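In what follows, a single structure is set out as structure tokens and then discussed.
The values are calculated or read from the model by the stated rules, or taken from the named source; none is laboratory data. Every value quoted in this text rests on a predicted model; they were computed, and no experiment measured them. We place every Cβ from the backbone using ideal geometry, glycine too, and count neighbours over all the protein chains shown. For the accessible areas, the whole protein counts, side chains as well, though only heavy atoms, and no ligand, DNA or RNA atoms are used. Shrake-Rupley method; radii C 1.70, N 1.55, O 1.52, S 1.80 Å.
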Amino acid sequence: MTKDSLSETAALRALLPGTSDTRLLAEMLGFVAGRLMALDAGQLCGAGAHERSAERVNRRNGYRARAWETRAGTVGVKIPKLRKGSCFPEFLEPRRAAEKAMTAVIQEACVQGLPARPADGLVKAMGMTGVSKSQVSRLCGEIGERADAFLNRPLEGEWPCLWLDATCIKVRRSGRIVSVAAIVAAAVNLDGRREVLGLAVQPGEAEVFWDEFLRSLADRGLRGTRLIIAGDHKGLKGAAAKVLAATVQRCRVHFMRNALACAGRKGRPLVTAALRTAFDQDTLAASKEHWAKLVDAFEPRHSKLAELMRHAEEGVLACKGFPKDHWPKIHSTNPLERLNKEIKRRTNAVGIFPSEAAVTRLVGALMLEQNDERAITRRYMTLETAAAICGTDPMDPATIAAL
């Protein structure tokens, strides 16, 4: 038995007394790992440590400490450094799987809206040591990169219908807590499939902010938009007319809420039924004629409702100018409601965001997730109906498949 073997045997025996059972396995793993790394370094150098040899091709240059996460716990190892090249032991490759698992947990926690500090508890629950806030921030940066790539991707083809909605989120700015508008855009392409197109975090809903957002979509390739479906957002109509030259459909669901708020509690069933008769007319002209009669009927008792109907007529009935088969799908922002619900659920878990970039990171990752789900679901519109909105001939599915 060589001198090195004797010293290693003595070192192993020294681990047994005075070491708890919970740490014994970890210490033994660390000892074996150190010996294996020393052998690898010797092969790369062509000579052992402190050995004079004519076959030496490299020299050791100290060590770098590293925490090796294993099922037995955290093991401290020292990886040899070489003056030329690097020495990374192959047996440490399984650590990458553990790192990926930890990264996935932290990133998923951040996407779910969990703040950085509680993510530390999730890592500890996996049997690993906790992570610092800087590590969580670095991992969140990786989420941000993927979200930015998704939100800034080029838009190809035509998008006849565009849904827009804004959600208020609280952000900390210069020591104050302010509300910002997270504007989300989704659209249907000529293939009849829905996609999330973009996100913008703006200070408000003025026309200048809508103009900036729509121009950013146009710069990325948005074209062929005939109808924009949104709520009664300030400045949206002017921006839509200037940038996309599209008609704006006011969300019918939002309008009904405003209309019922103008009527008394006892009058709400009557108002709901009356407005529905106007919406159910077969043509735009018939709807407008019936709408005018309802305004005159409501004027004596519900003057606020009548005034609301006068101002909202063009927007609420805009979808009537498109093919009838589309009316149930384009009269409201329902396609965005589920997405908005998820945004609210996850942003409420955070409460107050540290910056606008944090909002973009979280909401952008959420939209990427939702977009992947929609890619494998059935079409929102058929090929023929989607093409009819643009006034083009129905596209042959075989032609689309060949593109």
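Between residue 142 and residue 352, 0.36 nm times their residue separation minus their Cα-Cα distance comes to what?
73.5 nm
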Residues with amide H under 5 Å from that of residue 82, placed H, sequence gap 5 or more
61, 87
Each label sits 7 Å from Cα toward the beta-carbon; between residue 303 and residue 280 the label points are separated, in nm, by 3.2 nm
Sorted on mean Cβ neighbours within 10 Å (highest first), peptides 301-308, 47-54 come out as 301-308, 47-54
For segment 143-277, what is the Kirkwood hydrodynamic radius in Å, using each pair of distinct C-alpha atoms?
16.6 Å
Amide H of residue 248: which non-local residues (sequence gap of 5 or more, or other chain) have their own amide H closer than 5 Å, using H built in the peptide plane?
228
Apply 1/(1 + (r/R0)^6) to the Cβ-Cβ distance of residue 314 and residue 153, taking R0 = 56 Å, and write down the FRET efficiency to the nearest 0.05.
0.95
With label points built 7 Å along Cα→Cβ from the Cα atoms of residue 372 and residue 296, find their separation and express it in nm.
5.8 nm
Considering only DSSP states other than H, G, I, E and B, which GluC sites (Glu not before Pro) in segment 143-218 qualify as loop sites with at most 12 other Cβ atoms within 10 Å?
156
Surface per residue (accessible, 1.4 Å probe) for segment 199-274, Å²
48 Å²
Here the residues of segment 181-200 lying in the modelled label zone of residue 168, meaning backbone nitrogen under 19 Å from a point 7 Å along Cα-to-Cβ, are 181-184, 200
Collect residues whose amide H, placed 1.01 Å from N in the peptide plane, falls under 5 Å from the amide H of residue 173; neighbours closer than 5 in sequence don't count.
178
Once neighbouring chains are kept in place and the probe is 1.4 Å, which whole percent of the accessible area of segment 165-250 is contributed by carbon and sulfur?
47 percent
Calculate, in whole percent, how much of the Cα-Cα pair population of segment 204-320 lies beyond 17 Å.
59 percent
